[in-house]
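Notes to accompany the following structure.
The values are calculated or read from the model by the stated rules, or taken from the named source; none is laboratory data. These numbers come from a predicted model, not from an experiment. All Cβ positions, glycine included, derive from the backbone under ideal geometry; neighbour counts span all protein chains shown.
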Amino acid sequence: MDLFSLQGDRILKRQAPLAYRMRPRTLDEFFGQEHILAEGKLLRRAILGDRLTSVIFYGPPGTGKTALANIIAGITKSHFQALNAVTSGIADIRRVMEDAGDRLKMHGMRTILFIDEVHRFNKTQQDALLPAVEDGTVIFIGATTENPFFEITRPLLSRSRVFKFEPLDDGHISSILRRALEDKERGLGEYNVAFDEGAFSHLVKTANGDARAALNALELAVITTRPDESGIRRITLEIAEESIQQRVLDYDKSGDNHYDVASAFIKSMRGSDPDATAYWLARMIAAGEKPEFIARRILIQAAEDVGLADPQALLVAQAAAWAVNFVGWPEAGLILAEAALYVATAPKSNSCYIALKKAKSDVETERTGEVPPHLRDASYKGASSLGHGKGYKYPHDYPGHYIIQQYLPHTLAGKTYYQPSDSGYEGMIREQLHQWKKGRSHRHEK
């Protein structure tokens, strides 16, 4: 490469976005993901020892998946090839597979194939990778923001190890931005930059764990701010807010995070935490979640986790489910909040859930019991001749509208499925059952 080519290459690199220029070149420059890349961890040992096997990097944008792949490219003695699933097709995959096979036969060199956004490949494209991955011609590295257990075919998934990337914490983001501000070769070190109070921390916090978003915002803030008479580019809180704009919610209604947020919402209601319930509800509303989906979750929790401790919870949830369809956004959010917070603050009992679960288990595993004759339908002609209804005791004919008789099949006589808690209204039910049971034992003694 001649002098002019080198100079041109440097110019192109300087024109690249800051996030691209500041990609870490070594593991020592890499921030975050200590749970998989700290000293002694399997992935770090495999990378440094150039002993990597097929892997899938899964996590939110801006957490270092592509950056780590580039570090591997700089370390490995294998040939490194990169494809993007958005722009590549089956012909590109076959070409890479053929080249990798020839390279291995002629030079004994294996190929590492990095595919960014691999979840965008369809089943046929993913299956085209299998033969070369299977025989070791290619070491596959896939990067995806979508849950690979949903988006990657089972055969390819079974031949790869999944590493989960977590959002970077504020400390990581802060270190990445400060390094960019100090680096004169690749970063913004040539600028004299000062931040007003709160401006820098605003960039860090609203990046929401996304290093790429943070660096893009930093670059925009610095290069669009004119230096003052002292040559200092002063980044105010207003400039920081304009540069990073509103935080992009990490929420995809058809993706994995959709279920994670819904799960957090459900568990917050179950855990009687109204503040967390309100927060996760707000996350779903802000992301444009369908009100029917949220209403269904509240209805289910009212029955599963509140149950008979407060039967009113189910009625409130049912009313909310009807009302959101009648009212629509944005007012529906208030209705959902009332129902969700009612469920969150209601006394809790899962006794109905447990009772049904235990009964279903017996239905599935125990011998199917016959309906006792006295409980059988006696409303049709000829039923009495079969003994249907004979001996049935009508509870309303007895004191307290209660009389002892067998309701379960003979094979399950004496089984207990429902065990009420002492929470809320269910405490009254518990006491009533206790009194009935007590009366039953007295009658047996007589």
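Among the residues of this structure, residue 268 counts as one that is part of a helix (DSSP H, G or I), in contact with a Ser or Thr (Cβ under 6 Å, 6 or more places away or on another chain) and touching a residue at least 40 places away in the same chain (Cβ under 8 Å).
For (1) surrounded by 16 or more Cβ atoms within 10 Å (Cβ to Cβ); (2) closer than 30 Å to residue 316 by Cα; (3) basic (Lys, Arg), each residue gets a yes or a no:
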site	(1), (2), (3)
329	no, yes, no
334	no, yes, no
351	yes, yes, no
373	no, no, no
391	no, no, no
396	no, no, no
402	no, no, no
425	yes, yes, no
437	no, no, yes
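Return a yes/no flag: does the range 110-117 have any residue that is surrounded by fewer than 19 Cβ atoms within 10 Å (Cβ to Cβ), under 30 Å from residue 31 (Cα atoms) and aromatic (Phe, Trp, Tyr). Among the residues of the range 110-117, not one is surrounded by fewer than 19 Cβ atoms within 10 Å (Cβ to Cβ), under 30 Å from residue 31 (Cα atoms) and aromatic (Phe, Trp, Tyr), which makes the answer no. When the range 126-153 is limited to residues that are out of contact with any strand residue (DSSP E or B) (no Cβ under 7 Å at 6 or more places or on another chain) and of a type in the set (Gly, Ala, Ser), the one that is surrounded by the fewest Cβ atoms within 10 Å (Cβ to Cβ) turns out to be 136. A single entry from 285, 294 fulfils the requirement of being among the β-branched types (Val, Ile, Thr), closer than 16 Å to residue 336 by Cα and at pLDDT below 90: 285. From 441, 349, grab the single residue that is modelled with pLDDT under 80 and either among the polar types (S, T, N, Q) or not assigned by TED's automatic domain parsing to the domain that holds residue 295 (or both). The unique qualifying residue is 441. Counting residues in the range 66-80 that are polar (S, T, N, Q), part of a loop (DSSP other than H, G, I, E, B) and within 20 Å of residue 157 (Cα to Cα) gives zero. With respect to the conditions (1) modelled with pLDDT of 90 or more; (2) surrounded by fewer than 19 Cβ atoms within 10 Å (Cβ to Cβ); (3) over 30 Å from residue 407 (Cα atoms), residue 311 falls short on a single one, namely (3).
Screening 188, 181 for residues that are in a helix (DSSP H, G or I) and touching a Leu at 6+ places or on another chain (Cβ under 9 Å) leaves exactly one candidate, 181. Residues of the range 25-41 that are over 22 Å from the mean Cα position of the chain (by Cα), among the charged types (D, E, K, R) and either farther than 14 Å from residue 175 by Cα or part of a loop (DSSP other than H, G, I, E, B) (or both): 25, 39, 41. What's the total number of residues in the range 103-114 that are assigned to a helix (DSSP H, G or I) and either of a type in the set (A, V, I, L, M, F, W, C) or under 20 Å from residue 141 (Cα atoms) (or both)? Qualifying residue count for the region: 3. A single entry from 92, 116, 127 fulfils the requirement of being under 28 Å from the mean Cα position of the chain (by Cα) and more than 26 Å from residue 49 (Cα to Cα): 127. Inspection of the range 399-407 finds no residue satisfying the criterion of being assigned to a helix (DSSP H, G or I), under 30 Å from residue 305 (Cβ atoms), under 45 Å from the mean Cα position of the chain (by Cα) and hydroxyl-bearing (Ser, Thr, Tyr). Looking only at the range 209-227, decide whether some residue is among the basic types (Lys, Arg) and surrounded by fewer than 21 Cβ atoms within 10 Å (Cβ to Cβ). Yes, the range 209-227 contains at least one residue that is among the basic types (Lys, Arg) and surrounded by fewer than 21 Cβ atoms within 10 Å (Cβ to Cβ). Residues in the range 275-289 that are outside any helix (DSSP H, G or I) and either crowded, with 19+ Cβ neighbours inside 10 Å or aromatic (Phe, Trp, Tyr) (or both): 289 only.
Filtering the range 193-207 to residues that are crowded, with 20+ Cβ neighbours inside 10 Å and part of a loop (DSSP other than H, G, I, E, B) leaves only 207. Condition first: loosely packed, with under 13 Cβ neighbours inside 10 Å and either in contact with a helix residue (DSSP H, G or I) (Cβ under 8 Å, 6 or more places away or on another chain) or within 14 Å of residue 121 (Cβ to Cβ) (or both). Now tell me which residues in the range 71-88 satisfy that. Result: 86, 87. Here the condition is being of a type outside the set (A, V, I, L, M), at pLDDT below 90 and either surrounded by fewer than 17 Cβ atoms within 10 Å (Cβ to Cβ) or within 21 Å of residue 148 (Cα to Cα) (or both); of 25, 95, 45, 10, it holds for 10 alone.
On inspection, residue 198 does not qualify as in the same structural domain as residue 224 (by TED's automatic domain parsing) and touching a Lys or Arg at 6+ places or on another chain (Cβ under 8 Å).
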